[in-house]
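This report concerns only the one structure given below.
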Amino acid sequence: MFNFADIAARHALSEGTVAGINEKLEQIYNQQFRGNTAETYERFSARLVGAYDSYFETLDGSERSAGVEMAMQRYDYAEHQDDGDEFDDSACSISGIDIAYCHCGRHE
């Protein structure tokens, strides 16, 4: 777990504020993780980063930097980077693997 006092001191925030940010990060993680067992890690990670980015946009500067620090330490968050066309067009949109080998049952 995090040492809320250290993070609060580094970012000039109260421990309660840091604890609240941590609660929200955990809630977002649990929402994104729920029910996605057939999905590739890359797709899950991209969705999680998008959800965190949306949340961080609602925070002010010091809260945002504390949130990013905690997300990087605990949830393997990496700030959003445009990957371009990294996903293959012949990949399943659910599992992320080649349609010829996909197990989701939605392909011929």
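The values are calculated or read from the model by the stated rules, or taken from the named source; none is laboratory data. Please read all numbers here as calculations on a predicted model, not as lab measurements. Because the Cβ atoms are built from the backbone with ideal geometry, glycine has one as well, and the counts that use them run over all protein chains shown.
Quick one: is LEU13 within 22 Å of ASP60 (Cβ to Cβ), at pLDDT 85 or above and outside any helix (DSSP H, G or I)?
Numbers: within 22 Å of ASP60 (Cβ to Cβ): yes; at pLDDT 85 or above: yes; outside any helix (DSSP H, G or I): yes.
Considered against the rule, which asks whether it is within 22 Å of ASP60 (Cβ to Cβ), at pLDDT 85 or above and outside any helix (DSSP H, G or I), LEU13 comes out as yes.
Among (1) within 17 Å of the chain's Cα centre (by Cα); (2) more than 21 Å from GLY96 (Cα to Cα); (3) at pLDDT below 90; (4) of a type outside the set (Lys, Arg), there is one condition LEU48 misses while meeting the rest; what is its number?
In the conditions (1) within 17 Å of the chain's Cα centre (by Cα); (2) more than 21 Å from GLY96 (Cα to Cα); (3) at pLDDT below 90; (4) of a type outside the set (Lys, Arg), LEU48 misses (2) alone.
Could you look through region 56-102, keep only residues that are at pLDDT 85 or above, farther than 14 Å from LEU25 by Cα and assigned to a loop (DSSP other than H, G, I, E, B), and pick out the one that is farthest from the chain's Cα centre (by Cα)?
Result: CYS102.
Restricting the search to region 29-45, which residues are in contact (Cβ under 8 Å) with a residue 24 or more places away in the chain and within 10 Å of the chain's Cα centre (by Cα)?
TYR29, SER45
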